[in-house]
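Chemist: One structure follows; several queries about it will come next.
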Amino acid sequence: MSKPAAPLKGRAARLARLMPSTGPSTAARTPFVLLVVLLLGGGLITLLLLNSALNEGSFRLSELKRDTTELTDEQQALQRDVDSRSQPDALEKRARELGMVPGGSPAFLNPDGTVRGKPTEATAPPPSPSPSPTPSPSASPDPDAPAAGPSASGAAAAGPSGSPSPSGSVPATTPDPAAAPAAENSPPPTSPGR
């Protein structure tokens, strides 16, 4: 069988007197077990909250990326519209629709106040015949018939009311009435992203 414990000496005897050995105590383990359970439960709840916050941020990020893509597409479509309208031939066409004519030779002022170059007046070129969408043989004009309207020399000397201009300058011509309804009836270009 087992031997009885030998009596303790010195330091060990003093320690044994301070801590009596009465067997395992469940009262001392209870706070430790509660502390461990609380720490584990708090850690689990913290991980769940952190995970849900990360998921919410991920959804928000994907939504913002989608919005950014849509806005980038719209911006590119608008830039294409601006680029197409700022091409020289498109600007010239729009200016002619508004009744503008190409300018003449420019003159420049030197820093000392003298004029360099000889300015000339802007004259409107003769209106080009607008092509009809569906020409019919019965509506074709007679090539031997005289042209309706004033001659180029008469138009240069006459003002808007038909009387000669007092300054002798050539007035700008009004836009072609056949071209104006076509410009008014055409719908404005739209971008594909809208």
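The values are calculated or read from the model by the stated rules, or taken from the named source; none is laboratory data. These figures come from a predicted structure and were not determined experimentally. Cβ: placed from backbone, ideal geometry, glycine included. Neighbour counts: every protein chain shown. Areas reflect the complete protein model, heavy atoms only, side chains present, ligands, DNA and RNA absent. Shrake-Rupley method; radii C 1.70, N 1.55, O 1.52, S 1.80 Å.
Chemist: Output the number of residues of the range 85-108 satisfying the condition of being touching a residue at least 24 places away in the same chain (Cβ under 8 Å) and surrounded by fewer than 12 Cβ atoms within 10 Å (Cβ to Cβ).
Modeler: 1
Chemist: Can you name the number of the only condition in (1) free of Cβ contacts under 8 Å to residues at least 12 places away in the same chain; (2) of a type in the set (A, V, I, L, M, F, W, C); (3) surrounded by 10 or more Cβ atoms within 10 Å (Cβ to Cβ) that A28 fails?
Modeler: (3)
Chemist: Given the conditions (1) modelled with pLDDT of 85 or more; (2) open to solvent by 100 Å² or more (accessible area, probe 1.4 Å), which single one is not true for S58?
Modeler: Failing condition for S58: (2).
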